[in-house]
1. What distance in nm lies between label points placed 7 Å from Cα along the C-beta direction at H358 and V309?
2. Where does each of R32, R76, R20 land when they are ordered by accessible area, with a 1.4 Å probe and the largest first?
3. Could I have the simple spin-label model distance between N202 and A51, label points 7 Å from Cα toward Cβ, reported in nm to one decimal?
4. Say R0 is 25 Å: what FRET efficiency, to the nearest 0.05, do A370 and E444 get from their beta-carbon distance?
5. Take peptides 239-246, 125-132 and line them up by average Cβ neighbours within 10 Å, highest first, as a rough protection proxy.
6. Between their Cα atoms, which of K106/K325; K172/K445; K129/K229; K325/K455; K106/K405; K106/K411 are more than 21 Å away from each other?
7. Could you tell me the calculated FRET efficiency between R67 and E16, based on Cβ-Cβ distance and R0 = 22 angstrom, to the nearest 0.05?
8. Quick check: pseudo-label points 7 Å beyond the Cα along Cα→Cβ at L425 and T41, how many nm apart are they?
Amino acid sequence: MAESSPRRTKFILDEEQIPRAWYNIAADLPVRPEPVLHPGTGLPIGPDDLAPLFPMALIAQVVSTDRDIEIPDPVRDAYRLYRPSPLYRAHRLEQALDTPAHIYYKYEGVSPSGSHKPNTALAQAFYNKAEGVTRLATETGAGQWGSALAFAGAAFGLEVKVFMVRASYDQKPYRRMLMETYGAEVVASPSLSTEYGRRVLNATPDSTGSLGIAISEAIEDTVSHPGTKYSLGSVFDFVLLHQTVIGQETILQMEMAGEEPDVIIGCAGGGSNFAGLTFPWLGRSFRDGARYRVIAVEPEAAPSLTRGVYTYDFGDTAQMTPLVKMHTLGHDFIPDPIHAGGLRYHGMAPLVSLLKEHGYIEARSVHQRASFEAGVRFARSEGILPAPEPTHAIHVAIDEALDAKASGRPKVILFNLCGHGHFDLSAYERYLSGQLEDYEYPVEKVEAALAALPKM
Ligand SMILES: Cc1ncc(COP(=O)(O)O)c(C=O)c1O
């Protein structure tokens, strides 16, 4: 392990080094992805089945096996507002932990809306606009995705309607205000503005909502409004693709640091920031045999990768999406209202699930108090307040660094600090005042949801 220049803390690239293409892992996968199926026929879906929801350019990206997919100039130009994002060496955290490990983090919180989400929001807004769409409908969990799409809608001149999961809508009013400032319309989900939302509210008037329900509402809104398409912030292959700018930049930045990571870590809700950081590195290992341990970290309250079943399931609660093969806790499963709202999802991206199933990546789950403890420790050493989601990755990065200390074997750790937590201070307050609760893994709820999996 080479020592980088003394105390060099930030590794900064020039705007010209913003990647010119997204990296498509389909070109290098050692195992074949499973087809996406039509829920009615059980047969693989074609572009026409997806056309009511997405513009053709995005559908073409899903079926492409080209390794490099060119980033259109207007998207790359918008990326200049915040890309390349910095890579940091966490000297102060290393000192606080007294570890021989070298810890690096990629900081995506520098984007205008505060997370990695604009990497795909800008791309999706661009392609929709180019194909004559005037309005986008979407869901948001933590509010980070909704803010990113609201920003992208403003950047490319599209109306945006956001269904915000009720639990987050109540916990994070400032996220709603940010979305409205960008010009989006925001409603709490379940809402009265869709047939499905009204049905859920009739059955459970105090529902805290879930990403699965909000997705169903956004899709219903899409198909019932002319000129509208659906936009999503995770799970789907093209979303993961757009996030690969993160990992590609870190490859250049780790070269600047003169080091190679041994362990690469990302939190995983639907899998997009995790994939964005790790796929370009995994592509290297598939092509050249380089070896990295790659770890996805999820919440104990919604542990799809560590405790779910690898099978075909719906992406949403109302069963409107196509069927995808993924690790799932069942589309009916509604996770407890943890503060990492972006990780409250019953499933996982099919590409991430495939890699886990075949042993190319590891997965771990963490309780929310332990993850906030790691977030506070990080903030006190590095100064940046992490969003609740990446505190899960920080927790495992710290574990790995302490393991290096215990074994006396140095290692290089790289993780994705995929967003800041400036709108999550009420959650930190609850943690600091001892009021934050852990939710045990809900065995019975998951069993009931798994019993409702589609019969294939
Ligand atoms: C900051 C942050 N991190 C992570 C996630 C989880 O999404 P993904 O697993 O797709 O990165 C979200 C989702 O809203 C988020 O806002």
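1. The modelled label-to-label distance comes out at 2.4 nm.
2. R32, R20, R76
3. Placing both labels 7 Å along Cα→Cβ, they lie 3.4 nm apart.
4. So the FRET efficiency works out to roughly 0.60.
5. 239-246, 125-132
6. Pairs exceeding the cut-off: K106/K325; K172/K445; K106/K405.
7. 0.55
8. Taking the simple label geometry, L425 and T41 are separated by 5.5 nm.
The values are calculated or read from the model by the stated rules, or taken from the named source; none is laboratory data. Note that the coordinates shown come from a computational prediction; the quantities given were computed from them, not determined experimentally. Cβ atoms come from the backbone with ideal geometry, glycine included; neighbour counts cover every protein chain shown. For the accessible areas, the whole protein counts, side chains as well, though only heavy atoms, and no ligand, DNA or RNA atoms are used. Shrake-Rupley method; radii C 1.70, N 1.55, O 1.52, S 1.80 Å.
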